[in-house]
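Readers should treat all values here as calculations from the given coordinates under stated rules, not as data from a laboratory. Keep in mind the model is a prediction, meaning the values are calculated, not measured. Quick reminder, even Gly has a Cβ in these numbers, built from the backbone with ideal geometry, and neighbours come from all protein chains shown.
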Amino acid sequence: MRTRLYLLVLLALAAAAPLGAQQILRWGGDAEGGAPFVEADPRDPSKLVGFDVEIAELIAGKLGRTPQFLQVQFTSLDQSAKRGDFEIGLSGIEDIPARRQSLAASIPYYEFREVLTVRDGDRGRYRSLADLKGKRVATLGGTMAYDLLLDAERTHGITAVSYDDDVHPYSDLVLGRVDGVVLDNVLADRAMRRNTGLFTHPDALAVGHYIVITAPENTALRDQVDRILRDAMKDGTLETIFRKWNVWNDDQLRLYERAANPQEQTASTAAPSTGELVARYVPSLFRAALITLVLSFAAMALAVALGVLIATGRVYGDRFSRLLLTIYVEVMRGTPVLLQLFVIYYGLASVIRLPAFIAALLGLGLNYAAYESEIYRSALEAVPRGQLDAARILGFTRMQTLRLVRAPQAFRLALAPMTNDFVALLKDSSLVSMLTVVELTKQTQIFATNIGSWVIPGLLCALLYLAMSLPLGYLARRLEERWRMPTI
Amino acid sequence: MSRALDAKGVRLKRGSRGILRGVDLHAETGELVALMGLSGSGKTTMLRVIAGLEPRDAGEVSAAKVGMVFQFHYLFEHLCAIDNVTLAPTQVLGVSMIDARRRALQLLDQLGVGHRAQALPRELSGGEAQRVAIARALAVDPPLLLLDEPTASLDPARRNDLGEALLQLAKSGRALVMTSHDDDFVRDFATRVVVLANGEVVEQGDPQRILSSPQHPATKELLQLERARRGVQ
């Protein structure tokens, strides 16, 4: 017994030892971003591979520390760095003014071009953003490319569609849900390998750079990273890494030349002030709130209509339909609504190509119908049997009893829980940003990424949600008071 | 006099327990028949079988159109008194709303609750709710009216009013069958009493005679219990 305890202590010490022996360098990235940046090694998914992984290892090595990876969602990397979740972040992070303002950013270590990808058949028709007037053009949210498309919305009349990943813009391009994708050449090259029938125009719509970020106060570490990157440019280490991952090109040589002469580096454009940015984003927040509201109302209407049918079927139906409806309700309630949204939008894409808004409406409506039906079912069952007997003796048909006696009373009972559900739906509607619908939460996230802070966007977003949900709660309380049922 | 209800050999089992074990019950127009019996004797179940709310395992029930007044009234809680009364005539019989309301008001007036026509069920006293329930049942003109424990929710003063009203209804060409455990009420107003015990009719006839000199042990026990209960009160 005692020896076993010793053994445990020894094991614990052995496990803790490496931590003490060498300091760890925590680095943040998004493995969902995939190759060639950061991805799980297909041969051993517990290991990460990619050029950003190798650069992180290089930096850690030069600092004499052990790299340790922290998974952070791409759009949250800035905030995470600021909070100090990790010391350095790199995952195809772009050099944009807002980022330089709010974080300590390294020198660029890779130069990319924003390029336009279209379906092969459209390569002659759609050569530039100007050719895509009135069309939907996709990209990854919170990136330079997204800002580029927002500008093009104004100048060329395109519709910018924002995705949370870089895979689905291209798959939706193949499906015809969008007519063009603008992303950097690294992502475009990868997409070209994965999809057939696409064509990428070689000319750059813009040029950008990847950088390493650290917390704003950690400029000392940033300077060390800069030194390590410059050395790696000079001694060819970076070139080796990029060649290994097939992303090396001559653009990099010019970048390295500029990096070697830091005085030229100050040519970055002045970032707009926070006030200007807020003013620029507020109208889009209102537009997004309107989308949230319309989507929620439409989804709730669908949920109520379906919920009534399901509840009626479960109370009045035969055994078979009761079983079927029970299965529906349990499946919809027992699986995440996010999964259901994905299945409807992406999973069914090969069968039926639903527009994003319709898929979002269907997903939320079908999911909430399950919850609504449970409310209606218990409300229907709460109406005393004796009243149903009374109706039967008076000569009402079952349908008449339902319509004239049972449903009106059940509705009054269901009202309060229904309102709760509607408020929940209003907030759950933020999930549909996964299907490229830019609703309030998504717009807030874009806003926050672009101004580099969550304070103002978060506050505005919360106020807008409250402005939508509070009146509903008030209305429900009023109706409930008026229709208060006796204790039966 | 015509026969509004004729039930013969009604049997009903729940599991292995026989609730009704061959009950014969008839009612003529103009009669107010009282079904008496201890709790569990099957009297309420018999009413429900007659109303068609319970299936029966054996026996025959031939009844005219039935109206029923439940012990707990079961008014439609979302409708005011007069709407409770007009709902069936307008929706089932196709009577026009104007005619249905006129008749409903007449019925409510007759029963002494005309002034409560606009009240919601939850605003009515037990006695008022019962009268509205009676009006609702009468609105479709059933030749046979069933009442389950009609005196249960009434104070003694109201009992006499109800008794008079029921007799009046019987006289105006209906047969009434009620369950009751109130032997005074039955003695004063019923035209015939039928005593049930364990799902069987054990005694029946003139209320005065039966309740003054009960023959069957079940009837005696019933009366003793009633007296003891009243004594406590």
Q: Would you mind checking B:Lys43/B:Lys220; B:Lys8/B:Lys220; A:Lys135/A:Lys427; B:Lys8/B:Lys43; B:Lys8/B:Lys65; A:Lys82/A:Lys234 for any pair whose Cα atoms are more than 20 angstrom apart?
A: B:Lys8/B:Lys220; A:Lys135/A:Lys427; A:Lys82/A:Lys234
Q.
Based on alpha-carbon centroids, what's the gap between the stretch A:223-263 and the stretch A:287-303 in Å, whole number please?
A. 49
**Q.** Range of Cα positions in the stretch B:166-233 per principal axis (Å), largest first
**A.** 36, 29, 20
**Q.** Distribution of pairwise C-alpha distances over the stretch A:274-482, 10 Å bins, in %
**A.** 8, 28, 29, 20, 10, 4, 1, 0
Q. So which helices of chain A fit the span-like rule, where a helix is a whole DSSP H run, its Cα atoms reach 18 Å or more along the axis, and its mean Kyte-Doolittle is at least -0.5?
A. A:2-21, A:274-316, A:319-334, A:356-382, A:407-428, A:455-482
Q) What is the local net charge at A:Lys133, summed over the other residues whose Cβ is closer than 11 Å to its Cβ (Lys, Arg +1; Asp, Glu -1)? A) -2
Q: Kindly work out what percent of the DSSP beta bridges joining two residues of the protein assembly as shown are antiparallel, to the nearest 5.
A: 55
(Q) Per-residue Cβ counts within 10 Å, from other chains only, averaged over B:71-77: what number is that? (A) 6
Q. Going by average Cβ neighbours within 10 Å, how do the peptides B:68-76, A:298-306, A:470-478, A:321-329 rank, with the highest at the top?
A. B:68-76, A:298-306, A:321-329, A:470-478
Q | At 1.002 mPa s and 20 °C, Stokes diffusion of the stretch A:112-209 via Kirkwood alpha-carbon radius, µm² per second | A | 168
Q: Could you work out the relative contact order of the stretch A:274-482, using alpha carbon pairs under 8 angstrom and six or more residues apart, expressed as a whole percent?
A: 30
Q. If we count other beta carbons within 10 Å of each Cβ, what is the order of A:Cys461, B:Cys80, fewest first?
A. B:Cys80, A:Cys461
Q | Kirkwood Rh and Cα Rg combined as Rg over Rh, evaluated for chain B | A | 0.97
**Q.** Cα centroid of the stretch B:28-105 to Cα centroid of the stretch B:150-178, whole Å
**A.** 15
Q: Would you calculate, for chain B, the mean residue ellipticity at 222 nm contributed by helices, counting each DSSP H stretch of 4 or more residues as -39,500 (n - 2.57) and dividing by all residues, to the nearest 500?
A: -12000 deg cm²/dmol
Q: Quick one: give the max-minus-min coordinate of the C-alpha atoms of chain A along each principal axis, largest first, in Å.
A: 96, 79, 45
Q | Selection from B:Leu32, A:Ile241, A:Met332 lying farthest towards where the dipole of the protein assembly as shown points positive, charges on Cβ | A | B:Leu32
Q) What is the local net charge at A:Leu25, summed over the other residues whose Cβ is closer than 11 Å to its Cβ (Lys, Arg +1; Asp, Glu -1)? A) +1
(Q) Quick check: net charge around A:Arg377, other residues with Cβ under 12 Å of its Cβ, Lys/Arg +1 and Asp/Glu -1? (A) 0
Q: Would you mind ranking A:Thr444, A:Thr159 by Cβ crowding within 10 Å, fewest neighbours first?
A: A:Thr159, A:Thr444
**Q.** Net dipole in debye of the stretch A:112-209 [+1 Lys, Arg Cβ; -1 Asp, Glu Cβ; about Cα centre; nearest 20]
**A.** 340
**Q.** Footprinting exposure proxy for A:Phe286, A:Phe51 (fewest neighbouring C-beta atoms within 10 Å first)
**A.** A:Phe286, A:Phe51
